[in-house]
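Below: one structure, written as structure tokens.
The values are calculated or read from the model by the stated rules, or taken from the named source; none is laboratory data. Quantities reported herein were computed from a predicted structural model and do not represent experimental measurements. Neighbour counts are summed over all protein chains in view; Cβ atoms, including those assigned to glycine, are modelled from backbone coordinates with ideal geometry. In case anyone asks, the SASA skips ligands and DNA or RNA and just uses the protein heavy atoms, side chains included. Shrake-Rupley method; radii C 1.70, N 1.55, O 1.52, S 1.80 Å.
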Amino acid sequence: MKHIPRTLGGLACAGALGLALGGCGKQAGEQAGNEVAADAAQASYVAPGEKDDYYLFYSGGHSGQVYVAGIPSMRHISTIPVFAPYPGTGYGFDEESKAMLGDFTWGDVHHPALSQTGSKYDGRWLFVNDNANNRVARVDLRDFKTKQILGPIPNASGSHASSFVTENTEYLFVSTRFSTPLPKGRVADLEKYADEFNGMVTAVEVDPESGEMKVGFQILMPPFDFDLASTGKGPSSGYVFFTSYNTEMAHDTLEVNASQADRDLGAIINWKAAAQAVRDGKATEMEGVPVLDPAKVPGIVHLIGIAKSPHGMDVDPSGKWVVAGGKLQPTTTVINVEKLLGAIEGEDYEGDFRGIPIVSHDSVVEGEVPVGLGPLHTQYDGRGNAYTSLFIDSAVAKWKLPPWTDEEKADLSKVVVDKITVHYSIGHLVVAGSDTNAPYGKWLVAMNKLSKGRHISVGPSQPESSQLIDISGEKMKMVAEAYTEPEPHFAQILKVDEIKPIEVYPKAENTNPNAVWDLADGKVEREGNHVTAKIVAVRSRFGPDKVEARVGDTVTLHVTNIEQTPDMIHGFGINDHNINIVVDPGETKSVEFVAQKPGIYPFYCTNFCSALHQEMQGYLVIREAGETQAPVQ
Ligand code: RUQ
Ligand code: CUA
């Protein structure tokens with residue numbers, strides 16, 4: 001990083017005091033402002049050719065994708081397509097990714113979660129949810145590619161509280177924001193919402209070796225609209241905590257009707273006990289999934305009253321404190337895990353909801369911290385500080401976690417130690433490593449919902465803004481700002497040296513039976529009305545570069561990029577066919593279609609790969625059905 005020189009103009013001004021007070025004061029102020037700007041610029045400056053220190057994986061919301069940026073530069077580096085086709089990498093065009101997407105062309109990504117081992121990031125996978133279609137996906141950090149999409153998950157509607165991984169990635173917890181009559185497809189009167197509708201918590205099991213996900217079990221929940229979750233660690237190990245925002249069980253005009261009660265009920269799930277209960281045969285099957293009813297299996301779910309219409313629920317790095325943000329109450333509720341487990345053990349309850357015990361609020365809540373207006377999410381630096389996003393205030397509040405002094409306890413506003421304004425209407429925030437037991441703690445990224453024209457004008461559809469804040473000192477410092485695709489919800493930050501992605505697929509690993517590695521081996525074959533081409537792509541040609549078919553034929557193309565040089569990518573786009581596959585070095589991709597219309601259709605490489613890239617082309621010849629043709633090569 002390069003040093004940006006500053007002048008000492010501010011000091012020189014002190015000597016002139018009394019002579020030209022007005023002008024000098026202004027100058028000094030400007031000078032101070034320049035120094036702050038210079039410091040900030042220096043902190044986030046990554047010179048050409050230098051690299052960032054951290055990956056920022058942020059959700060792309062309803063774009064269905066995940067975006068990768070660098071910290072501290074905040075530069076967008078790449079897009080990982082997950083739930084929507086992305087011609088840039090040919091995702092959703094080749095057979096494998098088309099099969100993963102199924103009939104869906106979009107998803108709504110909210111919460112990415114890095115896999116963990118021992119409550120630390122292990123750098124293997126990134127999981128993301130699709131709130132719209134009840135799916136979860138796994139991205140492999142070895143090659144930054146989506147490898148599996150699981151779902152739609154049965155018996156679930158709107159997997160918002162997802163994905164949250166357990167300490168050793170045993171499970172991903174996925175919970176419904178929406179409740180419906182179950183099993184799905186059953187229609188019940190909306191007026192009977194409270195009695196006929198249910199939410200669902202799903203435990204998605206992750207294979208420790210392959211990362212393969214499958215639906216493990218489910219827990220039937222009251223129709224409270226479960227919003228967000230956080231998994232335990234240390235003393236809260238084995239638990240997962242959820243907020244809900246509709247304890248009122250309203251089904252219309254939620255804006256008003258779900259905002260009546262002074263407190264909403266959060267849920268505490270003992271997932272280890274639940275998994276055991278499933279093994280003990282206490283679940284009933286619904287749509288092929290073992291489902292536990294917490295009213296009938298005591299000990300797996302407890303409820304607790306938390307701040308009004310809460311949003312985020314976040315366990316701190318020590319696992320001792322769980323903080324819920326009360327959207328409609330200017331406080332965060334701080335739950336003391338030790339007291340909570342004691343209350344559960346001693347059955348210190350203040351009632352129940354249809355057989356699910358409600359833990360005594362006063363026995364387990366350490367305090368309600370007046371952080372400011374619209375608290376949503378809380379993150380931690382591992383040094384005893386919490387950072388809460390304030391949607392209404394457009395700010396981040398920094399505050400001290402317990403233990404608190406008697407003086408602080410008497411007036412909890414004293415634990416709020418700093419506030420910084422963000423632009424504007426912050427949703428999530430992320431502190432590097434906050435959800436592990438050892439946060440990196442230096443950076444915080446505020447993900448703001450509105451940018452309100454802070455950028456050059458791009459018309460009415462404006463991007464979101466994300467701001468980088470240095471939290472290494474006592475006071476938070478605004479460092480940089482970037483604009484992001486709609487719309488970043490949560491993000492994860494990973495230290496760059498904790499992973500080592502591959503840059504070519506080694507030839508030895510390519511076990512695709514349709515791969516060809518030599519231009520001499522490329523061929524087009526016909527079997528009945530199925531034409532199969534095995535094509536080599538290498539700078540700067542396709543071999544073969546002519547594929548012949550007749551109308552009605554099924555055509556399968558297998559393209560192998562035989563390069564073993566990083567960044568030597570070849571694309572394969574066919575005119576008039578809505579096909580563009582992109583093949584990375586060492587990779588084989590396949591695409592299949594039915595020849596529809598006679599004609600000559602040029603195909604070409606879509607990635608600019610060499611000086612002769614433009615020459616990297618060929619022809620798809622489609623003759624009339626039944627027309628005799630010269631034998632294919
Ligand atoms: S949400 S802005 Cu979808 Cu995570 Cu809180
Ligand atoms: Cu290969 Cu351009």
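Considering the stretch 578-620, the residues that are in a loop (DSSP other than H, G, I, E, B) and over 33 Å from the mean Cα position of the chain (by Cα) include one that is farthest from ligand 1 (Cβ to nearest atom), namely 598. For the stretch 585-603, what are the residues that are surrounded by 17 or more Cβ atoms within 10 Å (Cβ to Cβ) and within 16 Å of ligand 2 (Cβ to nearest atom)? Once the filter is applied, which keeps residues that are surrounded by 17 or more Cβ atoms within 10 Å (Cβ to Cβ) and within 16 Å of ligand 2 (Cβ to nearest atom), the stretch 585-603 yields 585, 586, 587, 588, 589, 603. Does residue 100 satisfy the condition of being buried (at least 16 other Cβ atoms within 10 Å of the Cβ) and either on the phi > 0 side of the Ramachandran plot or without any contact (Cβ under 8 Å) to a residue 24 or more places away in the chain (or both)? Here the answer is no, as residue 100 does not meet what is asked. Note on the stretch 521-574: residues that are more than 14 Å from ligand 2 (Cβ to nearest atom) and of a type in the set (A, V, I, L, M) amount to 9.
Only residues that are within 20 Å of the chain's Cα centre (by Cα) and either of a type in the set (Asp, Glu) or at pLDDT 95 or above (or both) were counted in the stretch 487-506, giving 11. Listed by position, the strands (runs of 3 or more DSSP E) contained in the stretch 35-83 that have at least 3 residues being in contact (Cβ under 8 Å) with a residue 24 or more places away in the chain and either more than 24 Å from residue 582 (Cα to Cα) or touching a Ser or Thr at 6+ places or on another chain (Cβ under 7 Å) (or both) are 54-59, 65-71.
For the stretch 383-434, filtered to residues that are out of contact with any helix residue (DSSP H, G or I) (no Cβ under 6 Å at 6 or more places or on another chain), part of a helix (DSSP H, G or I) and among the aliphatic types (A, V, I, L, M), the residue that is surrounded by the most Cβ atoms within 10 Å (Cβ to Cβ) is 412. If you go through the stretch 183-205 and keep only what is of a type in the set (A, V, I, L, M, F, W, C), open to solvent by 10 Å² or more (accessible area, probe 1.4 Å) and outside any loop (DSSP other than H, G, I, E, B), you end up with 190, 194, 197. For beta carbons closer than 7 Å, sequence separation of 6+ or different chains, a first residue in the stretch 265-289 that is among the acidic types (Asp, Glu) and a second that is open to solvent by 20 Å² or more (accessible area, probe 1.4 Å), the qualifying pairs are 287/154; 287/183. For the condition under 25 Å from residue 276 (Cα atoms) and out of contact with any His (no Cβ under 8 Å at 6 or more places or on another chain), residue 172 qualifies. Taken as a whole, the condition of being surrounded by fewer than 18 Cβ atoms within 10 Å (Cβ to Cβ), of a type outside the set (S, T, N, Q) and assigned by TED's automatic domain parsing to the domain that holds residue 321 does not apply to residue 137.
Condition (residue is away from ligand 1 (no atom under 16 Å from the Cβ), in a strand (DSSP E or B) and within 33 Å of the chain's Cα centre (by Cα)) applied to the stretch 546-558: is it met by at least one residue? Looking for residues that are away from ligand 1 (no atom under 16 Å from the Cβ), in a strand (DSSP E or B) and within 33 Å of the chain's Cα centre (by Cα), one finds at least one in the stretch 546-558, hence yes.
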